Structure formats: structure tokens, C-alpha cells
Amino acid sequence: MGIKIASVGAYVPDKVLTNEDLESIVETSDEWITTRTGIRERRISEVETTSDLATKAAISALKSEIAEDVDLFITATATPDMFFPSTACLVQSNLKNKRAVAFDVSAACTGFIYALYVADSIMRTKEIERAVVIGAERFSKIIDWNDRTTCILFGDGAGAVVLEKSENECILGFDIGADGSYKDLLRVESIGSNGEYPWYLHMKGNEVFKVAVRTMAGSAKRVLEKTGISSEDIKLLVPHQANYRIIDAVSKRVGIKNDKIFINLDKYGNTSAASIPIALSEAVKSGKVGKGDLVLMVAFGGGFTWGSCVVRL
Ligand code: UT7
């Protein structure tokens with residue numbers, strides 16, 4: 001018995017916010033944003049909530065608006081509509097399912113890998129045949145739009161995968177972990193905090209950058225070692241889409257050539273937990289990867305958290 005990714009899907013809101021648009025909001029330039037990050041535009045959700053985005057991504061992956069046969073919903077998000085019910089419960093309800101296990105996972109930009117890890121573990125031990133794992137975010141609501149060091153980076157969107165039991169093993173291994181001592185470098189304050197802007201994201205970008213490169217590369221190398229797969233055998237690297245320079249440095253350290261890296265951050269910016277499932281969905285739907293191909297996913301985020309996973313599609 002194994003677990004496979006049976007299908008993928010994604011949804012992004014229609015409104016496009018370009019680098020040029022940002023020039024009229026903060027002191028910045030398209031040239032600065034493009035050369036420092038690779039981002040050209042991002043999507044902003046004006047009315048759709050995180051659970052709306054998540055539901056649409058799940059529908060795209062399920063190819064159905066009804067999901068009575070799903071046994072488990074997990075949503076990775078740092079921007080849930082509510083503290084509770086969880087985003088996963090709202091998605092479950094939207095999809096007319098009244099029985100599945102449903103909960104959210106909080107691991108910032110690594111959330112999707114964490115959620116995949118949890119779903120994979122539960123499916124191996126419990127009678128759960130079919131799971132929907134979603135990464136969904138509405139970071140535009142936790143961004144300080146006066147802070148040019150962060151507001152240029154993030155966007156809204158959602159991606160999803162459907163997991164099913166299978167004869168062959170397709171989820172080949174994980175490397176996953178966290179180090180909470182980095183809590184001050186990247187955070188959004190909440191209840192009990194005395195932050196100046198309680199709900200806004202705070203980031204020491206430069207320091208995050210350095211740890212991100214080191215940690216993502218280390219995690220990717222460890223998962224390859226654990227699974228006994230060489231970097232040459234990887235058909236596509238699907239990294240967390242935070243910054244082109246981070247991805248470039250990580251791929252060089254791991255030994256993966258440029259033409260084997262999937263990048264869409266130019267269109268969406270950093271969509272946190274949604275970035276990997278959106279990228280994976282686009283990679284599959286564009287034919288860049290297909291059945292039997294080995295994909296390496298690697299993420300890094302607030303916590304700090306990190307995670308990598310090797311899958312055979
Ligand atoms: O998902 C995981 C979480 N986040 C990340 O992975 C982000 C990691 N960090 C980064 O991607 C990069 O550190 C940034 C893109 C955020 C910043 O790039 P950088 O090359 O590290 O720039 P910097 O912070 O060292 O700033 C360089 C200069 C500064 O001016 P001075 O001090 O040299 O005069 C900044 O004030 O650029 C200035 N600056 C800007 N200028 C124009 C900062 N933000 C902007 C901006 N437009 N938006």
C-alpha cells in the first residue's frame with residue numbers, strides 16, 4: 001500500500017497588482033522589485049476569503065463541487081477566515097461533506113509540506129482512503145501596505161492536491177523540522193502580543209534570506225539522501241516561491257540545473273502556504289511533469305519551519 005497524488009488544482013483571484021501599481025503606493029520601483037526578487041505582479045483578493053480561495057482550489061483538484069467521498073481535509077494557512085471553525089471545516093461544508101476529519105495546519109510558508117506530511121501519516125495508519133490537502137492564503141490582509149520592505153513580496157491564492165491510497169508508493173519521503181528560536185525574524189502578532197501593528201507581518205528580510213537559503217538547501221539534500229534519489233533523477237524542483245535569488249542559490253547547492261526548476265513567482269509573488277501547490281498544479285497542467293516523474297518540493301517559512309518532500313507523480 002502506498003499513497004499517491006491523484007490530482008492537483010489551483011485558484012488565484014482575478015485582481016492583478018503589478019510592480020508599477022506598487023510604485024504609486026510606496027517608494028519603490030519595478031526595477032528594484034524585479035532584480036531583488038523576480039516578482040513582477042501578484043494577485044489580490046478583494047472579496048474572496050481564504051476559505052473561498054481554498055474551496056475553489058479544492059474544486060479544481062477534485063473536478064467536482066461535491067466531495068462526499070473525501071475522508072480528510074487539511075488546509076495549511078496562516079490567514080484563516082476565523083480562529084475557528086477551521087478553514088478546512090469551511091471548505092468541507094462548501095463541498096457538501098458532512099463527515100470527514102477536517103482541520104488546519106499552521107507552519108507559515110512551509111504549511112503545505114507540513115499538511116502533506118500529516119495527511120500522509122494519517123492515511124498510513126487510519127482508514128482514510130481519500131484526502132484533500134490545501135494551501136490557501138490571503139496575505140494581502142496581514143500586510144502593512146505602508147511597509148515597502150514587505151508589501152512588494154506577497155500575494156493571495158490557493159492550491160490543492162487530492163491524495164489517494166495506491167498500489168505503488170508515490171510519496172517517497174520527507175525531511176521536516178522547525179526552530180522556534182528564530183521567532184523574531186518573521187512573525188505576525190496576535191492575541192497577547194504588544195506589537196505596534198498587531199496584525200501585520202514583520203520581517204527582517206536580509207536575515208531571513210540567509211537562513212532560508214541554508215535551511216532549504218540542507219533540507220532538500222537530506223530528503224534526497226533519505227530516499228536514495230540523486231539530484232539528477234529529479235525531473236522538477238518545485239520550491240517555495242519567495243524570491244528568485246533564494247531559489248537560485250538553493251538549486252545550485254542541491255545540484256539541480258536551471259531548466260529543472262519551476263518558477264511562477266513572477267506572476268504571483270510569495271503566496272506562503274499556497275505557493276508550492278499552485279506551482280505544482282501549474283507544472284502538471286502545463287505538461288512540465290507527468291506520470292512517473294520525480295518531483296522535489298522544498299519550503300521554508302516563519303517559525304522557522306522547513307520541509308521537503310520527494311514524490312513520484
Ligand atoms: O517566505 C519566506 C519568507 N520571506 C522571505 O523568504 C524573504 C527573504 N528576504 C528577501 O527576499 C530579501 O531580503 C528582500 C527581497 C526582502 C530584500 O532584498 P535585499 O537584497 O535583502 O535588500 P535589503 O533588505 O538589504 O535592502 C537593500 C536596500 C535598503 O536601502 P539601503 O539601506 O541600502 O539604503 C532598503 O531600504 O533596499 C531598500 N529597499 C527598497 N528599495 C526599493 C527595501 N525594500 C525596498 C523596496 N523598494 N521595496
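Return the total of residues in segment 205-261 being in a helix (DSSP H, G or I) and touching a Phe, Trp or Tyr at 6+ places or on another chain (Cβ under 6 Å).
Kept after step one, since they are in a helix (DSSP H, G or I), are these residues of segment 205-261: 205-227, 231-233, 244-254, 258-260.
Next cut, touching a Phe, Trp or Tyr at 6+ places or on another chain (Cβ under 6 Å) only: 212, 215-216, 219.
Selection size over segment 205-261: 4.
Do we find a residue being over 26 Å from A54 (Cβ atoms), within 18 Å of the chain's Cα centre (by Cα) and away from the ligand (no atom under 11 Å from the Cβ) anywhere in segment 261-268? For segment 261-268, residues over 26 Å from A54 (Cβ atoms), within 18 Å of the chain's Cα centre (by Cα) and away from the ligand (no atom under 11 Å from the Cβ): present. Selection of segment 60-89 for residues being within 24 Å of S140 (Cβ to Cβ) and either without any contact (Cβ under 8 Å) to a residue 40 or more places away in the chain or surrounded by fewer than 20 Cβ atoms within 10 Å (Cβ to Cβ) (or both) yields S60, P80, D81, M82, F83, F84, P85, S86, C89.
Of the candidates T215, T227, the single residue that is within 14 Å of the ligand (Cβ to nearest atom) and of a type in the set (S, T, Y) is T215. When you check I44 against the structure, is it in contact with a strand residue (DSSP E or B) (Cβ under 7 Å, 6 or more places away or on another chain) and within 16 Å of G159 (Cβ to Cβ), yes or no? The answer is no for I44.
Here segment 13-30 is the region considered, the condition is being of a type outside the set (A, V, I, L, M, F, W, C) and in contact (Cβ under 8 Å) with a residue 40 or more places away in the chain, and the residue that is nearest to the ligand (Cβ to nearest atom) is T28.
Based on what the data block shows, is A178 within 16 Å of the ligand (Cβ to nearest atom), touching a strand residue (DSSP E or B) at 6+ places or on another chain (Cβ under 9 Å) and under 21 Å from T37 (Cβ atoms)?
No, not satisfied.
Scanning segment 147-187 for residues that are exposed (fewer than 15 other Cβ atoms within 10 Å of the Cβ) and over 30 Å from E127 (Cα atoms) yields T149, D179, G180, S181, K183, D184. Across segment 155-170, not a single residue is classified as assigned to a helix (DSSP H, G or I), within 23 Å of T28 (Cβ to Cβ) and within 16 Å of the ligand (Cβ to nearest atom). Among the residues of segment 280-299, at least one is more than 16 Å from the ligand (Cβ to nearest atom), assigned by TED's automatic domain parsing to the domain that holds K183, at negative phi and touching a Phe, Trp or Tyr at 6+ places or on another chain (Cβ under 7 Å). Checked against the criterion of being over 25 Å from G9 (Cβ atoms) and touching a residue at least 60 places away in the same chain (Cβ under 8 Å), the candidates L280, L224 yield just one match: L224. A residue that is closer than 30 Å to N146 by Cα, away from the ligand (no atom under 11 Å from the Cβ) and either within 18 Å of the chain's Cα centre (by Cα) or not assigned by TED's automatic domain parsing to the domain that holds S60 (or both) occurs somewhere in segment 232-248. The requirement of being in the same structural domain as K15 (by TED's automatic domain parsing), within 12 Å of the ligand (Cβ to nearest atom) and assigned to a loop (DSSP other than H, G, I, E, B) is fulfilled nowhere in segment 124-140; no residue meets it. Selection of segment 31-63 for residues being of a type in the set (A, V, I, L, M) and within 9 Å of the ligand (Cβ to nearest atom) yields I33, I39.
The values are calculated or read from the model by the stated rules, or taken from the named source; none is laboratory data. For clarity, every value in this text was computed on a predicted model and none was experimentally measured. In this analysis, Cβ positions are derived from the backbone assuming ideal geometry, glycine residues included, and neighbour counts consider all displayed protein chains.
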